[in-house]
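Chemist: The structure that follows is given in the form of C-alpha cells.
The values are calculated or read from the model by the stated rules, or taken from the named source; none is laboratory data. Here the structure is a predicted model, which is why all the values come from computation and not from measurement. Note: ideal-geometry Cβ built from the backbone for every residue, glycine included; neighbour counts use all protein chains shown.
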Amino acid sequence: MRFGTPMKWLCVAIAAAHSPVVHGDAQPKQIVKIPGSCVVAQLAGNSVTCATNTGVIFVVLSNGVAMFNIPLADDRVLAFVGERDAQPAPGEYALYLQRVRLGLNAQESAATDVTGTCKMSMTPDGSMVHRIVCNASDISGRQFLLDFRGNDQPVEMITP
C-alpha cells in the first residue's frame, strides 16, 4: 500500500469520526507524509505488522485533533490521537494521547481511550523526522506501542 489520496482521506475520516466537535466542522488543516518504517507496533499488547514502504501520515484537524496514522499490513490503519501537544524545542514534538483507533474506514473503526504520548524527534526545521515513539495504555493496562524510524528522506506536505 502506498500513501495516495484514498489513504490520506481514510486517515482524515478516522480522525473526524472521533472528533469532539461536530464531524463537518473538523477539516484537515495540515497533512504530512513521513517516510520511514516501523520497528515495533503493538495493539492492546499484541504485535501487529506495519505495511512495508509506506511511512506515517500526520494529520492536524481544524478543531485541534492531531494524529499519527500507521498503515498495517492487513490494510487497516492504526491511529494514535490527541488534542493537546507541545514542542519543547525545535527538533522535538509531543502529542498527548486520548485515543487509539483501528479501522478500515470511519464507520468500521474501533476506538480505545488511552493515556500516553507520542514523541517525535526531527530536524530543527521539521524537514526530516528521525523517530516517532508512541506509548499508551488503556484503563486495563493494555499497551499500545509504535517505534517508527525515519529513513533520512524529507517529509512531504500534502495539500488538504
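Chemist: Being at pLDDT below 80, not aromatic (Phe, Trp, Tyr) and not in a helix (DSSP H, G or I): is that true of VAL21 here?
Modeler: Answer is yes for this residue.
Chemist: Of these, VAL40, VAL48, VAL77, which one is touching a Ser or Thr at 6+ places or on another chain (Cβ under 9 Å) and farther than 24 Å from THR159 by Cα?
Modeler: When all the criteria are applied, what remains is VAL40.
Chemist: So which residues in region 45-62 are in a loop (DSSP other than H, G, I, E, B) and either surrounded by fewer than 17 Cβ atoms within 10 Å (Cβ to Cβ) or on the phi > 0 side of the Ramachandran plot (or both), if there are any at all?
Modeler: Within region 45-62, GLY45, THR49, THR52, ASN53, GLY55, SER62 qualify.
Chemist: Right, next: Give, as residue ranges, the strands (runs of 3 or more DSSP E) completely inside region 74-160 that count at least 2 residues that are surrounded by 16 or more Cβ atoms within 10 Å (Cβ to Cβ) and among the hydrophobic types (A, V, I, L, M, F, W, C).
Modeler: Passing ranges, in order: 77-89, 92-103, 109-122, 129-137, 143-150.
Chemist: Search region 126-142 for residues that are among the hydroxyl-bearing types (Ser, Thr, Tyr) and pair each with any residue that is surrounded by fewer than 16 Cβ atoms within 10 Å (Cβ to Cβ) when their beta-carbon atoms are under 8 Å apart and the residues are at least 6 apart or on different chains.
Modeler: Matching pairs, first to second residue: SER127/PRO154; SER137/THR115; SER137/GLN143.
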